[in-house]
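The block underneath contains the structure these notes are about, expressed in structure tokens.
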Amino acid sequence: MSQPQEFTFQTEIKQLLHILSHSLYQNREIALRELISNASDSLNKLRHIQLSDEQYRDDSPLEITLEPDKEAKLLVIRDNGIGLTHDELVQNLGTIAHSGSKEFLRTLAAKAEKGGEAPSADLSLIGQFGVGFYAAFMLAEKVEVVTRSYREQTGWRWESDGSGRFTITPVEGDVPRGAQIRLHLKDDMDEFTDPNRLKFIVRKYSTFVPHPIKLATDILNEQKPIWVEPKNQVTEEQHAGFYQWLTHHTDEKPLWHLHLSSDSPIQFHSILYCPPSNFELMGFGQIEHGINLCAKRILVQDDCRDLLPEYLRFLYGVVDSADLPLNVSRETLQDHKLLPKLKKVLVKKVLDYLASLAEEQPETFKTFYQQFGPILRTGIGQDFENRERIAKLMRFHSTHTANEATLLVGGKVDKSLIPSVSLDSYLQRAVEGQTQIFYLSGPDLDALSRHPLLEAFRKRNLEVLFLDDPIDEFALTQLHRYEGKDLISIDSADVKFPESTNPAETDELKIKPKNLTRILELFRGALDGKVEDVRESSRLTDSNCCLINPQGTMSNQLQKVLSHTMKEYEMPKRIFEINPHAGLITRLCDLSSNSDNDDFIRDCGRQLYANSLILDGLIPDVEETTTRSLRFMEELARSKSSIVI
Ligand code: ADP
């Protein structure tokens, strides 16, 4: 007999095995689901090979069998698929190639270290990250894989007790093509040899596996391609089951589904599912999965990324087209002219569906937008053709919805406040003659709603959208216009107030303080080289001053993002606007009659400029600003008296 060859698992797998064997995770059924799913993949691959190459065809039906043995405490999951060669055993059952899976494992390991145990919701994701096989160690103290590849005559036995090592030995005698996963069950895993229990588990998780799953002579699953059924004949329960099979998400229902059928110009059936939550938001990195592509009900590719754009990557589902040849290979599939056509139709249907969802089921749409809005809106920059459609789906906070009363709960900004203003609803409230859609972006809603630049807009009853995520602003900058109106940041000099909203020139406003020009001059001198200009403002009512971006420059927020990401980025100079009617400015105008006050006035200009920068989330010259405010305090302190009158 040949000696077993010994190997050690890659570090990440060792960590995973450690977590799995120490986990109190209740839902061990998923291990069976993963092994059946692997068997099914292997059968799909073989069918594909048989279709394209005659020499591998034979009469045996492709199937999965479960063989429980109560006495021996053994459960065998057998398939007659492609099997594994010696090298494939080493590669596929000993190392992890995908970077996404490694990241998943690292996150899992880090969480386990912190909390003592990995949260069960995370463990249930195991299949999705391409490490499902190892779930076998949740059930078994020892796992054997006896296998023969369809390309070879020799069979191999892979064996491990999950403690960091595995062995591979050649098997003498005949080994049937495919793989048998032999689980030597742990002591408390009797249920996995109980036929009724196995039937229950298979029906629950694997009913949509497209190959028969047999237990003795019974076929346990339905294998029904529900996507070719008429829409109204598919029950919610079937959808939930199919969704769970596709996603490996246990006990979860899709947030919504879209069932499509078309005969021309392309023939296809499709069901697309949206999960109820976005796990990218949970810190597991990018979603990495595609759509199942079938030709006449038979799976051609299980992870087709060419059917939906990046910004819809969170959808699961199946697309089945009779116009696709069955034996198409992955390589030729990529160039197949049908894919871009299918993609175009699917994208349009999904975006239209979302628009109707917003109308008809606003609560569901809200949840959808909260979870997937961040991914969806990146589509504006990626998909020129559909950008207006995507923009229609975006939602914002605005001066209309986020006033102080709605914003604050117990003195703190209510983070759960879901944005609800669409560009369309904004336009319905637009005032006569309004040619621009106004927005203000910044890091948090609280600061945004108090920004001095809003004064003029509130006074004129003009709504301003709040963008508290830079992605929103990138999206709007790329969109540029919506329904014929320019999208514009209110810190820009390009803002045009509609004529109808200009306040009547009251006498009070007409009277400018004396010496205003002198103040502007002194400020200009003090801020020479720092600002493009200092000028009188028509947009402020209460605040002393604000900073405006010259025409055609980016908003503050975008500039900030750029300066963080590009070292060499230099912020453009801004225009410093001052409000002649504000108390301090009027007083400074008075004081400027005496040139002894010039230095003080210049200092005030510098300090006001520093304050404006801070309000915009930018950092002024720290040394200079702190020294100056200290000097102000010292002067004030000197002018006060300690004598109690
Ligand atoms: P995934 O299936 O998501 O790639 P797994 O950890 O479940 O991740 O399996 C790793 C690899 O082992 C599979 O990609 C496949 O190449 C191989 N494999 C697993 N089970 C089988 C099987 N029953 N037949 C053939 N190959 C298999």
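Could you please let me know if Leu562 is over 19 Å from Ala456 (Cα atoms) and surrounded by fewer than 19 Cβ atoms within 10 Å (Cβ to Cβ)? Considered against the rule, which asks whether it is over 19 Å from Ala456 (Cα atoms) and surrounded by fewer than 19 Cβ atoms within 10 Å (Cβ to Cβ), Leu562 comes out as yes.
Listed here are the residues, each with its yes/no results for (1) of a type outside the set (S, T, N, Q); (2) within 13 Å of the chain's Cα centre (by Cα); (3) open to solvent by less than 30 Å² (accessible area, probe 1.4 Å).
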| position | (1), (2), (3) |
| --- | --- |
| Trp256 | yes, no, yes |
| Gln267 | no, no, no |
| Ser270 | no, no, yes |
| Phe284 | yes, yes, yes |
| Ile287 | yes, yes, yes |
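Out of the residues in region 54-72 meeting the condition of being of a type in the set (D, E, K, R) and at pLDDT 95 or above, tell me which one is nearest to the ligand (Cβ to nearest atom). Restricting to residues being of a type in the set (D, E, K, R) and at pLDDT 95 or above, the top hit is Glu63. Just one residue in the set Leu75, Leu51 is in the same structural domain as Glu29 (by TED's automatic domain parsing) and either touching a strand residue (DSSP E or B) at 6+ places or on another chain (Cβ under 8 Å) or at pLDDT 95 or above (or both); that residue is Leu75.
Does Leu35 meet the test of being of a type in the set (A, V, I, L, M, F, W, C), within 16 Å of the ligand (Cβ to nearest atom) and within 25 Å of Glu141 (Cα to Cα)? Criteria met by Leu35. For region 74-81, the criterion of being touching a residue at least 12 places away in the same chain (Cβ under 8 Å), open to solvent by 50 Å² or more (accessible area, probe 1.4 Å) and of a type in the set (S, T, N, Q) is satisfied by no residue at all.
For Leu84, the conditions (1) touching a Gly at 6+ places or on another chain (Cβ under 8 Å); (2) near the ligand (Cβ under 9 Å from one of its atoms); (3) open to solvent by less than 40 Å² (accessible area, probe 1.4 Å) all hold with the exception of (1).
The set of residues from region 565-589 being in contact (Cβ under 8 Å) with a residue 60 or more places away in the chain and open to solvent by less than 60 Å² (accessible area, probe 1.4 Å) comprises Ile575, Pro580, Ile585, Thr586, Leu588, Cys589.
Checking the structure you have, find out if any residue of region 184-201 is open to solvent by less than 50 Å² (accessible area, probe 1.4 Å) and within 16 Å of the ligand (Cβ to nearest atom). Scanning region 184-201, I find no residue that is open to solvent by less than 50 Å² (accessible area, probe 1.4 Å) and within 16 Å of the ligand (Cβ to nearest atom), so the answer is no.
Yes or no: region 577-591 includes at least one residue that is charged (D, E, K, R) and not in a helix (DSSP H, G or I). Yes, region 577-591 has at least one match.
The condition (being among the hydrophobic types (A, V, I, L, M, F, W, C), out of contact with any Ser or Thr (no Cβ under 6 Å at 6 or more places or on another chain) and assigned to a helix (DSSP H, G or I)) is satisfied by just one residue among Leu62, Leu17: Leu17.
Which of the strands (runs of 3 or more DSSP E) found entirely inside region 418-507 contain at least 2 residues meeting this: closer than 13 Å to His400 by Cβ?
Hits in region 418-507: 436-441, 464-467.
Could you list all residues from region 530-557 that are surrounded by 18 or more Cβ atoms within 10 Å (Cβ to Cβ) and under 32 Å from the mean Cα position of the chain (by Cα)?
Within region 530-557, the subset surrounded by 18 or more Cβ atoms within 10 Å (Cβ to Cβ) is 531, 534, 537, 539-540, 543-549, 553-557.
Those that are surrounded by 18 or more Cβ atoms within 10 Å (Cβ to Cβ) and under 32 Å from the mean Cα position of the chain (by Cα): Asn549, Thr553, Met554, Ser555, Asn556, Gln557.
One residue stands out in region 115-141 among those that are at pLDDT 90 or above and in contact with a His (Cβ under 7 Å, 6 or more places away or on another chain): the one that is farthest from the ligand (Cβ to nearest atom), namely Glu141. Condition check for Gln557 on (1) without any contact (Cβ under 8 Å) to a residue 40 or more places away in the chain; (2) closer than 30 Å to Phe474 by Cβ; (3) among the polar types (S, T, N, Q): one failure, at (1).
Looking at this structure, is Glu144 within 15 Å of the ligand (Cβ to nearest atom), of a type in the set (Asp, Glu), open to solvent by less than 20 Å² (accessible area, probe 1.4 Å) and out of contact with any Cys (no Cβ under 7 Å at 6 or more places or on another chain)?
Here the answer is yes, as Glu144 does meet what is asked.
The values are calculated or read from the model by the stated rules, or taken from the named source; none is laboratory data. Here the structure is a predicted model, which is why all the values come from computation and not from measurement. We place every Cβ from the backbone using ideal geometry, glycine too, and count neighbours over all the protein chains shown. Side chains included, ligands, DNA and RNA excluded: accessible areas come from the protein's heavy atoms. Shrake-Rupley method; radii C 1.70, N 1.55, O 1.52, S 1.80 Å.
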